[in-house]
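Let me begin by presenting the structure, written as structure tokens, before commenting on it.
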Amino acid sequence: MTEGSRKAIFAAFAANLGLAVTKFVAWLFTGAASMLAETVHSLADTANQALLLVGGARARRAATPEHPFGHGRERYFWSFVVAIVLFLLGGLFAIYQGASKLQHPHGVESPAWAIGVLLVGIALEGASLRTAVRASNALRGQAGWWAFIRHSKTPELPVVLLEDAGALLGLLLALAAVVASALTGNGVWDALGSIAIGGLLTAISLLLATEMKSILIGESGSESDLAAVRAALSGHPQITRILHMRTQHLGPEDLLVAAKVEFDTALDFRGVAAALNEAEAAVRAAVPAVGIIYLEPDLHDPGRSPVTR
């Protein structure tokens, strides 16, 4: 896990823990369903940051005979768990609270409490989101935000980004709901705010679960990494052709490369062995994330499929 990812997680953890306490106090004074939904939302987010830290710590464990490729995918697994927690504790609970209050609407008591807490929450979540954005900018390069979230192999930052953005939108929805309820004296607005928050969290959790499932199952390297690996192999003077190649992320910074390559037929066994070692070193120099490499010498067969990921 990068230092930027850790800072973003700790910033989000501190913000969410403080918000959970203040939102709960505000709910005690106001009885607003949207405030209770936001309290549970912040509690879920706080637990999620802790789970991301657990995943990062467990991923650093050394390889074992049972797990010879290491534990890098722990980060993907715990990020997937985060999506489920956000769905169950955040989205579904908020929708349930809103639906319950729709059946028995009542006005918001002491709305000043709720408004004050929500304004503080907006400031804190904004600061947390800014930290996540700065950490993400160091990794996303020229990619757009949607592309970064969809294709990033570092799971923590997309999770924190979406959580913080969702939290900020949720606070704005809760603020609008409380203000509308206070001005009209109609508790239906508060209920609708809670349902809207639940729908937002559910959508975010489903998006996160989909993306984390994809990389948990196993994704290839990025197009730029694949191009760099091919260039490093093709650039070796004794490699005449790449016959077949596969890559897979064992962790965010751990890319497995397996390839069949054709060598100059004039090489003897020692020459092939030396060329293999040189090619592996060239690949690692080109793509530092490459860990394990399996290169197999072979001869071109026109009946084989072309080079693939």
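The values are calculated or read from the model by the stated rules, or taken from the named source; none is laboratory data. Note that the coordinates shown come from a computational prediction; the quantities given were computed from them, not determined experimentally. Glycine gets a Cβ as well: all are built from the backbone with ideal geometry, and neighbour counts include every protein chain shown.
If you check Leu192, Leu233, Leu250, Leu226 for being modelled with pLDDT of 85 or more and under 22 Å from Ala57 (Cα atoms), only one passes: Leu250. All conditions in (1) within 25 Å of Gly141 (Cα to Cα); (2) among the aliphatic types (A, V, I, L, M); (3) outside the structural domain of Ala279 (by TED's automatic domain parsing) hold for Leu256, with the sole exception of (3). Taken as a whole, the range 201-215 holds at least one residue that is in the same structural domain as Ala33 (by TED's automatic domain parsing), surrounded by fewer than 18 Cβ atoms within 10 Å (Cβ to Cβ) and among the charged types (D, E, K, R).
The numbered conditions (1) in the same structural domain as Leu52 (by TED's automatic domain parsing); (2) over 22 Å from the mean Cα position of the chain (by Cα); (3) hydrophobic (A, V, I, L, M, F, W, C) are all true for Ala228 except (1).
Total residues in the range 32-69 satisfying the condition of being surrounded by fewer than 18 Cβ atoms within 10 Å (Cβ to Cβ) and in contact with a strand residue (DSSP E or B) (Cβ under 7 Å, 6 or more places away or on another chain): the figure is 1. Counting only residues that are among the hydroxyl-bearing types (Ser, Thr, Tyr) and surrounded by 16 or more Cβ atoms within 10 Å (Cβ to Cβ), the range 216-248 holds 3 of them. Annotation note: of Ser194, Ser224, Ser214, the sole residue that is under 28 Å from Phe87 (Cβ atoms), free of Cβ contacts under 8 Å to residues at least 60 places away in the same chain and not in a loop (DSSP other than H, G, I, E, B) is Ser214.
Across the range 174-188, the number of residues qualifying as assigned to a helix (DSSP H, G or I) and surrounded by fewer than 22 Cβ atoms within 10 Å (Cβ to Cβ) comes to 8. Within the range 11-64, take every residue that is among the polar types (S, T, N, Q), over 16 Å from the mean Cα position of the chain (by Cα) and assigned to a helix (DSSP H, G or I) and give me the one that is modelled with the lowest pLDDT. Looking at the filtered set, the residue picked out is Ser34.
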